[in-house]
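Have a look at the structure below, then the notes.
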Amino acid sequence: MTRDQTAQGPQGERNVTRRKVIVAGGAAVAAVGVGGTIAATANAAQQAAASGSGAAAEACYRLTSETTEGPYYIDADKLRQDITEDREGIPLTLRLKVIDSETCKPVRNAAVDIWHCDALGLYSGYEDSSGGGGTPPTGAPTDAPTGTPTDAPTGPPPGGGGGHQEPTDDERYLRGTWRTDKKGYVTFRTVFPGWYRGRCVHIHTKVHVGGTWTDAGYEGGTTCHTGQFFFDEESVLASAEVEPYSTSTTERTTLTEDTIYDQSGTTGGLLKLTYKKNAIGRGVLGTITMGVDPEATHEGTDL
């Protein structure tokens, strides 16, 4: 990984006994504003957890689900929190927390990657093979896909190991890496993803530990988690009313139709989303806590 010039500084699933963690369903935040429009929605337990008071009620927690890496991963070479570049779309602030699922302690100095498609389904680095927009070809199915989704609507299927493809262009929008702070938090600024044929709306992520932060970037270490974040149907339908999402003619796979999301809620990567009702275009806050095993290796290419 090399430092991006705009960076402000460096940076399958295991069945285990359910662990206790002072959080209920997402990263604890007392009040966060996105574009000045998002109101505080955290409950009392989350507020206590955020303040470190220890007064929050304990809730059980499990390892976050591992998923396929997919074909469009590029080894992080953009160390930055704002990954938007010139992409249009609904502003999205992604507030993530990484904890050790064994001890429930924050995982600090981890390198967290995120990458996702733009509002019209295109991935940077793969504009020629991603997207899948336009009118479906003659004879294309209109119902839910069967079997394992390819995560590559117009390119070769990824197969069981994720089917990584080499980049076809030099674009790198909507990709970035940043490190967790001492409380395990990391924040990214991006846009609400769009959709493409065969997949519901999602964001990819990786968590790397054991490496070294240098002036050149993040080096060494292992990947302890490869997963995806998902969006509830209500928010996706709301986004579809806003340009440029509303101009998409691509058939959409719903959250319940998607065969990568395991339908397990937060454990499976379902984000908690906060936005002003009837005004999603002003901005969205997405939060989640990821429970990982820092001693495990999950590259996401063998699922």
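The values are calculated or read from the model by the stated rules, or taken from the named source; none is laboratory data. No experiment lies behind these values; they were computed from the predicted model shown. Using ideal geometry, Cβ is built from the backbone for each residue, glycine included, and neighbour counts are taken over all protein chains shown. Only protein heavy atoms, including side chains, enter the accessible area calculation; ligands, DNA and RNA are left aside. Shrake-Rupley method; radii C 1.70, N 1.55, O 1.52, S 1.80 Å.
Results, tabulated for the structure shown:
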{"read-out": "Residue 133 vs. criteria farther than 15 Å from residue 71 by Cα, surrounded by fewer than 23 Cβ atoms within 10 Å (Cβ to Cβ) and modelled with pLDDT under 95", "value": "yes"}
{"read-out": "Candidate set from segment 249-287 (those that are of a type in the set (Asp, Glu) and open to solvent by 20 Å² or more (accessible area, probe 1.4 Å)); member that is farthest from the chain's Cα centre (by Cα)", "value": "251"}
{"read-out": "Of the criteria (1) farther than 21 Å from residue 290 by Cα; (2) assigned to a loop (DSSP other than H, G, I, E, B); (3) among the β-branched types (Val, Ile, Thr), which one residue 260 fails", "value": "(1)"}
{"read-out": "Pair list, Cβ under 9 Å, 6 or more apart: segment 240-256 residue among the basic types (Lys, Arg), other residue in a helix (DSSP H, G or I)", "value": "252/236"}
{"read-out": "Hits in segment 90-129 (condition: in contact with a Pro (Cβ under 7 Å, 6 or more places away or on another chain) and small (Gly, Ala, Ser))", "value": "119, 125"}
